[in-house]
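Q: Here you go, one structure.
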Amino acid sequence: MGGKYRITGDKYPRMRRPRRRGKLILAATASVVALGLAGWGTMQLIDVFTGGDRKASAADHETDCPSAKPSAPARVLPKPAKITVNVYNATPRSGLAKQAADELKKRGFTIGKVGNAPAAYDKKVPGPGVLLGAPSATNGSFPVLGTQLAGATPKTDARRTADVDLILGTKFKALSTPQAAAAALAALTKPAPAPSC
């Protein structure tokens, strides 16, 4: 060839498109990620079927949690005999206060007054009952007496005495069974478990 098509020098014109490096890099990256995931999945399956190294991981876990404090001491609550309970009936059914008071007496509580609820509560307690007492009863008498009647609502008033009122509401059917009450009381007095990290 001659003229304007004559090739001069040692370089020849390219007759094809240049390769795109982006596709090559993307394919290589995808391959590395896929291999990494396959390896990780294989290790997980091996751990599942062999049980893994549980002792080592438990020891490592303990060192990860230096701020974990020992469990809290057992909660000290008053004995039922130390709690004076006034039982009041706020329902239209007669005799409930006496029945509940007799049952609480069998369970070791000291019984104070028994009768109809004061006008402020008479036929105005929609739930199973209300525990009414001084603010100091919130962390003492209320939890203990509350184990005897599930769903009772604690309320405080301005009294300065240690006695607690149990006002039976319209949804009251019966006190908790002695077994359920004892289990709930045991759960209250157990020490709190140590926090997990």
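The numbers here are math on the coordinates, done by the rules we state, and not lab data. Note that the structure is a prediction, hence the values are computed from the model and not measured. Neighbour counts run over all protein chains shown; Cβ positions are idealised from the backbone, glycine included.
Q: Please report the Cα spread of the range 98-197 along all three principal axes, rounded to whole Å, starting with the longest.
A: Ordered largest first, the range 98-197 gives principal extents of 51, 30, 25 Å.
Q: How far is it, in nm, from the label point at residue 47 to the one at residue 21 when both lie 7 Å from their Cα along the line to the Cβ?
A: Taking the simple label geometry, residue 47 and residue 21 are separated by 3.9 nm.
Q: Output the peptides 22-30, 114-122, 134-142, 182-190 sorted from most to least packed, where packing is the average of other Cβ atoms within 10 Å over each peptide's residues.
A: Values: 22-30: 9.7, 114-122: 14.8, 134-142: 17.2, 182-190: 12.7.
So the order, starting with the most tightly packed, is 134-142, 114-122, 182-190, 22-30.
Q: Just to check I understand the Karplus step: with θ = phi - 60° and J = 6.51 cos²θ - 1.76 cosθ + 1.60, what whole-Hz values come out for the range 104-121, glycine and proline as x?
A: For the range 104-121, the Karplus-derived couplings read 5, 5, 4, 8, x, 7, 8, 9, x, 7, 9, x, 7, 5, x, 4, 5, 10 Hz, x marking Gly and Pro.
Q: Rounded to the nearest 0.05, what FRET efficiency do residue 153 and residue 174 give with R0 = 22 Å and r taken as the Cβ-Cβ distance? Could you check?
A: Calculated value: 0.80.
Q: Still on this structure: Assuming R0 = 22 Å, can you tell me the calculated FRET efficiency for the pair residue 116 and residue 161, based on Cβ-Cβ distance, to the nearest 0.05?
A: 0.65
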